[in-house]
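First the structure, in the form of structure tokens, and then the observations on it.
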Amino acid sequence: MTELINARNIRIDGRKLDELRPIKLKVGVLNNADGSAYIEWGRNKIMAAVYGPKECHPKHKMLADRALLKCRYHMTPFSVDDRKPPQPSRREVELSKIIREALAPAILLEEFPRTAIEIYVEVLQSDGGSRVASITAASAALADAGIPMRDLVVGCAVGKVAGKIVADLNDTEDKEGDVDLPVACMPNLNLVTLLQSDGAMSKEDFEEAFKMALEKCRYVYDLQRQALLEGYTPQKEDE
Amino acid sequence: MTELINARNIRIDGRKLDELRPIKLKVGVLNNADGSAYIEWGRNKIMAAVYGPKECHPKHKMLADRALLKCRYHMTPFSVDDRKPPQPSRREVELSKIIREALAPAILLEEFPRTAIEIYVEVLQSDGGSRVASITAASAALADAGIPMRDLVVGCAVGKVAGKIVADLNDTEDKEGDVDLPVACMPNLNLVTLLQSDGAMSKEDFEEAFKMALEKCRYVYDLQRQALLEGYTPQKEDE
Amino acid sequence: MTELINARNIRIDGRKLDELRPIKLKVGVLNNADGSAYIEWGRNKIMAAVYGPKECHPKHKMLADRALLKCRYHMTPFSVDDRKPPQPSRREVELSKIIREALAPAILLEEFPRTAIEIYVEVLQSDGGSRVASITAASAALADAGIPMRDLVVGCAVGKVAGKIVADLNDTEDKEGDVDLPVACMPNLNLVTLLQSDGAMSKEDFEEAFKMALEKCRYVYDLQRQALLEGYTPQKEDE
Amino acid sequence: MSAAERKHEFVDVLRRQQIEEGLAADRRLDGRKANETRELSIEVGPVVKANGSALVRLGNTAVMVGVKILQGTPFPDTPDQGVLTVNADVLPISSPYEEPGPPDEDTIELARVVDRGIRESHMVDMKELAVEPGKKVYAVFVDVAVLDVDGNLFDATSYAAVTALASARFKKVSVKDGEVVQMEEMVKLPVSTIPVSVTAGKVGEFLFLDPTGTEEAVMEARMTTTFDSEDNLCATQKGGEGFFTPEEVLRQMEVARAKAKEIRAKIKEAVKNAGKE
Amino acid sequence: MSAAERKHEFVDVLRRQQIEEGLAADRRLDGRKANETRELSIEVGPVVKANGSALVRLGNTAVMVGVKILQGTPFPDTPDQGVLTVNADVLPISSPYEEPGPPDEDTIELARVVDRGIRESHMVDMKELAVEPGKKVYAVFVDVAVLDVDGNLFDATSYAAVTALASARFKKVSVKDGEVVQMEEMVKLPVSTIPVSVTAGKVGEFLFLDPTGTEEAVMEARMTTTFDSEDNLCATQKGGEGFFTPEEVLRQMEVARAKAKEIRAKIKEAVKNAGKE
Amino acid sequence: MSAAERKHEFVDVLRRQQIEEGLAADRRLDGRKANETRELSIEVGPVVKANGSALVRLGNTAVMVGVKILQGTPFPDTPDQGVLTVNADVLPISSPYEEPGPPDEDTIELARVVDRGIRESHMVDMKELAVEPGKKVYAVFVDVAVLDVDGNLFDATSYAAVTALASARFKKVSVKDGEVVQMEEMVKLPVSTIPVSVTAGKVGEFLFLDPTGTEEAVMEARMTTTFDSEDNLCATQKGGEGFFTPEEVLRQMEVARAKAKEIRAKIKEAVKNAGKE
């Protein structure tokens, strides 16, 4: 059994308790998509693309007063240690819904009635925290597509490992730790749009973790805004 | 090997040769359905619901001169000794059709052209004779939904066990017996709407069994009419 | 290990290097289809049927300027040594496309805008070269259906077995040989509509094999034309 | 979910009337009397890659069946018995109303009714099809390919399946020191009886055997009865959105029992002749 | 692909306004206050063929759960643990908006949230459910059948699943000389805590517990929180296309924690009473 | 069932004419000559969780391939050989014409053509990939994720797959006393040749290499030819609803053979450089 946090509060990958893994985000990385973004967050490598507003198919799903928001979270077969079968797992179906509901509050869907907006997230390599990385990338892709939004959406997970509240769990911490608490929010409006938790927490644990998550979202937001300002620069997105 | 019928013509569950298992039937047991019924017949526990007449989807299946009758017979995974996988088996597909064709002759489908009437049967616990119990419950649910009918439909199975013709086989008799003969009819019109048989019967066997089945249907019909007269009473349907 | 070709250049089934297996072809073998053909080619037994030009379903696939050509190549479960599962394999999906693309250039699809033409190939027993036998039968079925065509389409495979270029591989030669090169063409127009190859060939090998394939197609074409002239004669097609 | 699909030709009112008038005079559209069946031809063994096969034509209906005998594992509740599976496919070549795709409810019913005729008559002694009880048994796959549809798939399929099984040959295997050894000799399946199905249609008050496609399009109900070589009823299936009177059921049983005898003789002859070749 | 499906009744603007005004006055359509839940009835053991079962009614919502305890193989990464699977089916009898077919995303979310409540609370000690580590373990199937839908499937399903598990009985097996031997005695599952989920809806600035179908039709967001017997939070799930302020989250946690205690007492009592019979 | 799907941009008549006139003058829309291919960039090893991986960009087309080397069981007819599977997914991020879902016929053809190029060239010695003949072998999964579509998926995918295989590293296992033991050392796959596919499109009487998306939208036929390191043709696939003259086939073979040599050098260099890191 690995010692997940050592005596000097250093984690297995050398980070401090509240330190995030390195994050790189770039927008405009795909040619065909209306908007796109690529994020590397720890060992996560995730591509998000946005198509739309476009014609809504099938027609009977069209909404008279706003755009229909569609979202798919998908992992490539080679993105995990074992091979993932190509067809969507139940986990991917749930995450597609959760990510859609995390992004929907930010999008001015009512400006595009009778259309569809599609968000596709492809995990090329997965690590702990892939859902919050996906939300952060997808929100950047929406902005890159010029879809009007109330605020950007960013996410960050916090957890409990070896009895301590720590930020941004990696794969090993996620598996061997006690609690995972992914959070997404609209940072300027201070509104929570995704909240899940797994694992036992006291009232105090939760309050500490939740506060840390919101703070870290703020940090991720600064990175995200920076990436959008830089826009697309013609270097390879995975250097 | 169990002795299925003893020297005094008593069956393994204590019944006489032509005796039915206890039957309880109640209508109006669901809130959302337009009509519903719950039947306990031996250890069978079956819920039937009717929706409609309602708009027909998809449109190209709509019939110009009568309602489209849809029917699904389905077993919950926990209804049998082993777990049944959730997706419909070939047996369930066949029974859905057989039950629909047993009920269709009684329904005045021509009064509701271009609509659909849906019948759903859910087996919560299964025992021998679940198809005839399902038909009896579904017919009561149709009546509860106020769908006009030529006659009610009731069913009863008869079989051959240890060389003797017996009424209403239970699970063990069904598995270890020689013949199963499920019959459904419109009792007042004296018309047979379901007839199946499995297992070798001489001419005489069949004639004896068929006659017994029609008689027993008459008995089930009295119970069914009683349940409809009582309508919904607010006691729990599974006491 | 079998000796695939003996010292006197005789193959395991007694044929010479460039000799085809026996071929029987008959058209008009089905009652319901608009056109049909049955071919026996070696141990291949294949039935092809054509329906159309007919209404196009679903409507959104309709083409404004020509007929939509649909094609399915399918093997019955008993057609191979092991049992083939009933659902289409990836091989069958690919062959459906390849066969459609081999036939399409010959059909005057532009004469029937907004309709569909369906080609169904059923392999009842399979042997080496089933795709070229299928194309030959399907083209005859199209002609039998009265669909106007620029030319007939015929196919023949050539291959490399034990270092030698041979015509029309049977099952064993296909499995144990080095190269399979199926070709289809419109013989009068001298145009190639199907070309695949598997297995290593030098420039010289390919040129020799390709030339032999085109020659053999000519031979198959003569048989095919003969079958069309005979039309349907009321003998059994599988005598 | 089950719903009535229209999978047959459209028959107009005049034609329907003509059919009914014909039945009243015991003269059907194709000239047959009510209790006559169409010409039956049985070809044994067209598919040499299968252990058994048959091509049956009943009027314009054509059905091919192939039987494969492979090795498999028994069901947990019958560890000492072989496994038999009937699978049907009404091919898209067979009718303008058939689309490619997984079997619909009509096709599933077809396979299950034919299966029950074979199973409930104990045609094949499944206990003789165990190799190593509880571990390895023979798996008999009966695959049905309907080639041309003109009514009465139940009977045409049943005849083809029964012929293919009765004429099947296979090499037995035995297990020695954990290794599967295949015997040289070709043996038959342990077949003890020949189940024969007979199907009647009903229009108005008239019952008639072996309905054509046109008759099926106007028919209100169907009754398929299967009899074994001892003339016992071994399976029944009522179909269609209509009904039968109890008297019709009893009367039809006897008509079918007699007809089954006739057809059994033809199947047996075809199998016997094929065995001689 | 996920997209917002309308699977509930249509609520017009006046009704929506009425709901909001009611919430402002802490009086809901059915007379409840924001933090009141509907009447809860729990029937233990309706399905005797299952190892455990429960029928829960929460207002007009009705959910049945059956638990089967079978033998299976462990997952490679937890070779010494049993396997637990939650599978949900919102049956077409339950609502005019449900069609038969494979589970949609709402149903998959329902199953997974209930699953996590059970798993993350360590309700069942999975390590005690190994028979032969690495080879054979107990496989616990928790099958959910939703019978009638009037909102808050999450909680009704959670209560039914937990009751079925807590009241389940099964015969253990052991492996002797490679043979599986079944014991005679019926034993309980190794259950150590009772996880209880509590769901709140949100309309405008108002949060309220145990939403009805009508409330769900107008509700912007949902928060489901599950607590174990030590009052620890063990799972959370936000749903819906709306949001919560951080303060709402923190406040709702405490409301839910208190309510979970209440409901846990009812579940325990139902299980205890059933055990006496 | 196969039917022509429109999965590409709509190209109007004027544009089509412009393309044809360009081809006549040996100057394509993007300035290339008929036998020029677009810029090829190969990144080796972007996915460290895979045993091998590559990201290939051919013009604006981008394809990622990951290779996983796992343990599996051999096919019954090749008990002493490893198993190799190519699976392709044209992701919905890659084009407005792609929907999520199981692979359509174009994607299946793509996977099978790339598979045959690898298999028929004997690139990987499958006989060296047996662990315990008849029981346990290595299973090599080649998973293709198309990220951005601008024509010629066949070649871009082939280059990515071949690069990922040629650069893959894995830990061998051995079986000792029935237990699987993993070795420490990382080894390469037994790769002996580098198959390279070259695809030509045809418009009117003109053939040209490496078609773009716009060219594919007007193109009548396609020919993909794959050559091994000894310049032997090892796989061919004609596609599209058009045709080739015999002379076109023979001429195109030689154009492709020369181009394959060029591209093979680039792939080898990329693999070699990556090996140095």
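The values are calculated or read from the model by the stated rules, or taken from the named source; none is laboratory data. Computed from a predicted structure; not experimentally measured. Cβ sites come from the backbone with ideal geometry, for glycine too, and all protein chains shown count toward neighbours.
Quick rundown of the values:
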read-out: Test: residue in segment E:84-91 that is assigned to a loop (DSSP other than H, G, I, E, B) and more than 9 Å from chain B (Cβ to nearest Cβ); value: no
read-out: Test: residue in segment D:2-10 that is in a strand (DSSP E or B), within 12 Å of another protein chain (Cβ to nearest Cβ) and modelled with pLDDT of 95 or more; value: no
read-out: Index of the failed condition, E:Ala62 passing every other in (1) away from chain B (no Cβ under 14 Å); (2) out of contact with any helix residue (DSSP H, G or I) (no Cβ under 6 Å at 6 or more places or on another chain); (3) of a type in the set (A, V, I, L, M); value: (1)
read-out: Top-ranked residue in segment D:153-199 [being free of Cβ contacts under 8 Å to residues at least 60 places away in the same chain, away from every other protein chain (no Cβ under 14 Å) and of a type in the set (Val, Ile, Thr); ranked as farthest from D:Lys276 (Cα to Cα)]; value: D:Val175
read-out: Residue selected from segment B:105-130 under the condition aliphatic (A, V, I, L, M) and farther than 18 Å from B:Met47 by Cα, by the criterion farthest from the other protein chains (Cβ to nearest Cβ); value: B:Leu108
read-out: Of residues in segment F:181-228 being among the aliphatic types (A, V, I, L, M) and in a loop (DSSP other than H, G, I, E, B), the one nearest to C:Ala200 (Cα to Cα); value: F:Ile194
read-out: Residue list for segment A:115-129, restricted to those being over 16 Å from the mean Cα position of the chain (by Cα) and either part of a helix (DSSP H, G or I) or among the β-branched types (Val, Ile, Thr) (or both); value: A:Thr115, A:Ile117
read-out: Pairs where the first residue, in segment E:231-260, is facing another protein chain (nearest Cβ under 7 Å) and the second is of a type in the set (Lys, Arg) and in a helix (DSSP H, G or I), C-beta under 7 Å, 6+ apart; value: E:Ala235/E:Arg116
read-out: Within segment D:100-152, considering residues that are away from every other protein chain (no Cβ under 13 Å) and part of a helix (DSSP H, G or I), the one surrounded by the most Cβ atoms within 10 Å (Cβ to Cβ); value: D:Leu129
read-out: Some residue of segment E:245-264 being closer than 14 Å to E:Asp155 by Cα and either in contact with a Lys or Arg (Cβ under 6 Å, 6 or more places away or on another chain) or in a loop (DSSP other than H, G, I, E, B) (or both); value: no
read-out: Hits in segment D:235-276 (condition: aliphatic (A, V, I, L, M), surrounded by fewer than 19 Cβ atoms within 10 Å (Cβ to Cβ) and under 30 Å from B:Asn188 (Cα atoms)); value: D:Leu250, D:Val255
read-out: From the options A:Ala133, A:Ala157, A:Ala102, A:Ala141, residue that is under 25 Å from A:Lys216 (Cα atoms), buried (at least 24 other Cβ atoms within 10 Å of the Cβ), within 17 Å of the chain's Cα centre (by Cα) and within 14 Å of chain F (Cβ to nearest Cβ); value: A:Ala141
read-out: Qualifying residue in segment D:66-75 (condition: surrounded by 19 or more Cβ atoms within 10 Å (Cβ to Cβ), within 11 Å of chain C (Cβ to nearest Cβ) and over 18 Å from D:Ser158 (Cα atoms)); value: yes
read-out: Subset tally (residues that are buried (at least 18 other Cβ atoms within 10 Å of the Cβ) and within 9 Å of chain C (Cβ to nearest Cβ)) for segment F:216-225; value: 3
read-out: Condition check for A:Leu30: surrounded by 17 or more Cβ atoms within 10 Å (Cβ to Cβ), in contact with a helix residue (DSSP H, G or I) (Cβ under 9 Å, 6 or more places away or on another chain) and without any contact (Cβ under 8 Å) to a residue 60 or more places away in the chain; value: yes
read-out: Which numbered condition E:Asp210 fails, given (1) in contact with a Phe, Trp or Tyr (Cβ under 8 Å, 6 or more places away or on another chain); (2) closer than 25 Å to E:Asn60 by Cβ; (3) crowded, with 24+ Cβ neighbours inside 10 Å; value: (1)
read-out: Residue that is nearest to the other protein chains (Cβ to nearest Cβ) [pool: residues in segment B:211-220 that are surrounded by 20 or more Cβ atoms within 10 Å (Cβ to Cβ) and more than 23 Å from D:Phe227 (Cβ to Cβ)]; value: B:Cys217
read-out: Flag for B:Asn6 being of a type outside the set (A, V, I, L, M, F, W, C), under 23 Å from B:Lys160 (Cβ atoms), more than 9 Å from every other protein chain (Cβ to nearest Cβ) and crowded, with 21+ Cβ neighbours inside 10 Å; value: no
read-out: From the options A:Leu223, A:Leu169, residue that is away from every other protein chain (no Cβ under 14 Å) and under 30 Å from F:Thr61 (Cα atoms); value: A:Leu223
read-out: Residues (surrounded by fewer than 21 Cβ atoms within 10 Å (Cβ to Cβ) and within 9 Å of chain F (Cβ to nearest Cβ)) located in segment C:179-190; value: C:Leu189, C:Asn190
read-out: Within segment A:70-84, tally of residues that are within 22 Å of A:Leu142 (Cα to Cα) and among the charged types (D, E, K, R); value: 2
read-out: Test: residue in segment F:156-169 that is modelled with pLDDT of 95 or more and surrounded by fewer than 18 Cβ atoms within 10 Å (Cβ to Cβ); value: yes
read-out: Filter result for C:Ile147 (in contact with a Leu (Cβ under 7 Å, 6 or more places away or on another chain), closer than 23 Å to F:Glu220 by Cβ and at pLDDT 95 or above); value: no
read-out: Hits in segment C:144-154 - residues which are part of a strand (DSSP E or B) and either buried (at least 24 other Cβ atoms within 10 Å of the Cβ) or of a type in the set (Phe, Trp, Tyr) (or both); value: C:Val154
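Residue-by-condition table, conditions (1) assigned to a loop (DSSP other than H, G, I, E, B); (2) of a type outside the set (Lys, Arg); (3) free of Cβ contacts under 8 Å to residues at least 60 places away in the same chain; (4) within 26 Å of B:Pro77 (Cα to Cα):
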| residue | (1), (2), (3), (4) |
| --- | --- |
| E:Gln17 | no, yes, yes, no |
| E:Arg38 | yes, no, no, no |
| E:Val48 | yes, yes, yes, yes |
| E:Leu70 | no, yes, no, yes |
| E:Thr78 | yes, yes, yes, yes |
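For every residue, the table says whether it meets (1) surrounded by fewer than 20 Cβ atoms within 10 Å (Cβ to Cβ); (2) of a type in the set (Ser, Thr, Tyr); (3) closer than 25 Å to D:Gly242 by Cβ.
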residue	(1), (2), (3)
B:Gly177	no, no, no
B:Ser197	no, yes, yes
B:Ala209	no, no, yes
B:Asp222	yes, no, no
